[in-house]
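The values are calculated or read from the model by the stated rules, or taken from the named source; none is laboratory data. Model, not experiment: these values are computed from the prediction. Positions of Cβ are generated from backbone atoms using ideal geometry, with glycine treated the same way; all protein chains shown enter the neighbour counts.
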Amino acid sequence: MHSRPRPLLPKSLLVSLCAICMAACAAGPQISPPTSDLTLPALLPLGAQIEVREGWLVKRHEIVLPLMRKHGLGMWIVVNEEFHDDPLTECVAPPRPYVGNRDIFVFLDAGEGGLKKLAVLGYNEENVERFFEISKQGIKTLKEWDEKFKPKTIGLGIGGRRGVTRSLTHDTYKYLLENLDPEAEKRFVSAGPLIEEYLDTRIPEEFEHYAKLVRVTEVLARRALSNEAITPGKTTVGDIRRWLYTQSTASGLRPWFQPDLRVQRRKTAEDKTTSGFLQVAKESTVIERGDVVHLDFGLIYMGLSSDWQKMAYVLREGETDAPPGLQKALANTNALQDALGRLSRPDKPAGDVYEETMAKMKTVGIAAMIYSHPLGNQGHGLGASIDFRSAKRDPKEPGKLLRKGSYLAMELNSQTEVPEWGGQKVTMMAEDPVYLTDEGWKFFRPRQEKLYLIR
């Protein structure tokens, strides 16, 4: 590959970091994380990102034919519509804008001829031609391929349980029927199982870029849960959310969901729950001294998504650290993470991991919840989740198996009675991107073992 100049940090971000340093010097020792811990990694500009991701596409196309044969598909069709992008498009074709009304990408098992790939485009694109044979006769070529190779099954984005596995529109479904053999509908099947394994398969080349994404997510989250963004008694939840939007944009990234915050206070009505979880705080909620603040935040970079949850404590006047009871509460969540990581192995049923981890927590007296999910091209990715749903499976079936190299959002919490709060239960939530090895889950970044402190 050609060498490129090292990208510089955005000017707005440099100004922001300088302001932090000046404030630190004026205020003396800081209790919040030191600025030396908040260095952002250099990210690639968009043009370089596309070039790198097209390099990944070569590797990803190599796994398509084995997956098609594993899942019994003779042909796989992905259709992108203008103003209604299929989320699969950037994962199977060059990650560029497509505005050709309908752009069709076809993978065909040609038997001894191997994998054949066809693109039917509204506008010819030379970058697509590097990866697909370009049809010069439009949709007619697809019909010719179908008649020549007679695939027994044609996989489409239909019938799946998740958006990315049921993304084909009704009109495009009819369009395919009108342009293929009248009997083709009998061969239409859901490509859901193939799509899930394709998206849950990570390639080694993605790792270093994903690690940078996780680091950026960590840095912005730590800054959001610090005195840079929060002034106790003044700052609202809405202020922090808007701060995160602004700083994400300054970093050249965007959140894939709305940043959420939860606030727990001693003996108040703030700790309301919904569906068993703490309720998200209203934007008008003012952060006060003595609050325990939770942040849920994730970003998109290079077509990959991060997911991150951390906890902070707002010091009361005279305090230099969080009360021991709150520290113990976080330690219980760390123990839950330890158990989940230790009990996970490639090819092990996710439901077994959930049940064994919950059983372990019961023996040590920790009230736990686990709701971990795959990460990758989507934040709520496809693959084996480790949660109560994975445990509710047919006893005769193993359920979904963990895959070596997969990324997961290790998302969970524990509830602990805090003596300093009169025995009130406090929920400590954590969410960390991890990857699966033969020894269990490994963290991309060190997990949180101490509450972030806000002066």
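What's the total number of residues in segment 390-423 that are surrounded by fewer than 18 Cβ atoms within 10 Å (Cβ to Cβ), charged (D, E, K, R) and either under 16 Å from the mean Cα position of the chain (by Cα) or over 25 Å from residue 88 (Cα atoms) (or both)?
7
Taking strands (runs of 3 or more DSSP E) that do not extend beyond segment 264-322, which have at least 1 residues that are modelled with pLDDT of 95 or more, assigned by TED's automatic domain parsing to the domain that holds residue 429 and farther than 19 Å from residue 235 by Cβ?
299-301, 308-314
Could you tell me which of the residues 104, 63, 77 is among the β-branched types (Val, Ile, Thr) and within 19 Å of residue 378 (Cβ to Cβ)?
Just a single option satisfies the conditions, and that option is 63.
Do you know which of the residues in segment 181-224 that are at pLDDT 95 or above and among the small types (Gly, Ala, Ser) is farthest from the chain's Cα centre (by Cα)?
Once the filter is applied, the top-ranked residue is 190.
Run residue 248 past the list (1) modelled with pLDDT of 95 or more; (2) closer than 23 Å to residue 299 by Cβ; (3) loosely packed, with under 14 Cβ neighbours inside 10 Å and report the number of the one that doesn't hold.
Evaluating residue 248 over (1) modelled with pLDDT of 95 or more; (2) closer than 23 Å to residue 299 by Cβ; (3) loosely packed, with under 14 Cβ neighbours inside 10 Å leaves (3) as the failure.
Every residue in segment 167-198 that is among the hydroxyl-bearing types (Ser, Thr, Tyr) and buried (at least 21 other Cβ atoms within 10 Å of the Cβ), please.
Those that are among the hydroxyl-bearing types (Ser, Thr, Tyr) and buried (at least 21 other Cβ atoms within 10 Å of the Cβ): 167, 198.
So, of the residues in segment 351-379 that are in a loop (DSSP other than H, G, I, E, B) and free of Cβ contacts under 8 Å to residues at least 60 places away in the same chain, which turns out to be nearest to the chain's Cα centre (by Cα)?
Applying the filter and picking the extreme gives 366.
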